[in-house]
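> Here it is: the structure, laid out below.
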Amino acid sequence: MNDLNGDSFAEEGIGDEEFDDTADPTEFDTGLLDDLRLAAGILDPVPAELRQIAVEAYALHDLDARLAELTFDSLVDAIPVRGAAAPPRMLTFHTGDVTVDVEVTPQGLMGQVLPPQPASIEVLSGPRAGAALVADDMGRFTSDVPPAGPFALRLRAGGEVVVTEWLRA
């Protein structure tokens, strides 16, 4: 084997290895991949502008989804109850013929889709999809993980996609 200058590598033993095309391509050395990611992050970081564009582009992937407006928030609309130390936060979102009631507590969240119907629900928190939940035939869903920071819900029911407004937990 020769390089661009015509120098031979045969005497050094370089290039004598056989390529193993039977190796499983899904098995990677995770330590090597972690090192490569770290090196790429240091030597060639993603510009902040490009990261922002990517986040905004990801937000458009549900462009045809209907937006469910916040119609009730117990932090704003409810009358305070004397003696209640940490009442749950009650939220109601509405769009067209779909209403979503959600109760947010430090132990998690629970809610119901109205009219009652089965649905798949994602708790969104940033550019990545969060917890995947399933609403039963009565439209009820629960999560043992409370949302942290800004969050929204994406519902898929009956071939329709509904996304709630973003709120802080």
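The values are calculated or read from the model by the stated rules, or taken from the named source; none is laboratory data. As the structure is a prediction and not an experimental result, all values here were calculated from the model. Methodologically, a virtual Cβ is constructed for each residue, glycine included, from the backbone with ideal geometry; neighbour enumeration extends over all protein chains shown. When the accessible area is computed, the model is the full protein with side chains, heavy atoms only, and any ligands, DNA or RNA have been set aside. Shrake-Rupley method; radii C 1.70, N 1.55, O 1.52, S 1.80 Å.
> Could you figure out which of (1) assigned to a strand (DSSP E or B); (2) free of Cβ contacts under 8 Å to residues at least 60 places away in the same chain; (3) among the acidic types (Asp, Glu) isn't true of Glu69?
(2)
> Looking at the stretch 133-159, which of its residues are open to solvent by 40 Å² or more (accessible area, probe 1.4 Å), in a strand (DSSP E or B) and among the aliphatic types (A, V, I, L, M)?
Val134
> Take Val162 and decide whether it is at pLDDT 90 or above, open to solvent by less than 70 Å² (accessible area, probe 1.4 Å) and either within 23 Å of Ala57 (Cα to Cα) or assigned to a loop (DSSP other than H, G, I, E, B) (or both).
So Val162 fits the description; yes.
> Looking only at residues that are surrounded by 14 or more Cβ atoms within 10 Å (Cβ to Cβ) and out of contact with any Phe, Trp or Tyr (no Cβ under 8 Å at 6 or more places or on another chain) in the stretch 88-100, which one is farthest from Thr71 (Cα to Cα)?
Ranking the candidates gives Pro88 first.
Rundown of residues vs (1) among the hydroxyl-bearing types (Ser, Thr, Tyr); (2) part of a helix (DSSP H, G or I); (3) exposed (fewer than 10 other Cβ atoms within 10 Å of the Cβ); (4) at pLDDT 85 or above, yes/no style:
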{"site": "Asp20", "(1), (2), (3), (4)": "no, no, yes, no"}
{"site": "Pro25", "(1), (2), (3), (4)": "no, no, yes, no"}
{"site": "Ile42", "(1), (2), (3), (4)": "no, yes, yes, yes"}
{"site": "Ala59", "(1), (2), (3), (4)": "no, yes, no, no"}
{"site": "Asp64", "(1), (2), (3), (4)": "no, no, yes, no"}
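> Only one residue in Gly111, Gly130 is part of a strand (DSSP E or B), modelled with pLDDT under 90 and crowded, with 17+ Cβ neighbours inside 10 Å. Which one?
Residue meeting the stated conditions: Gly130.
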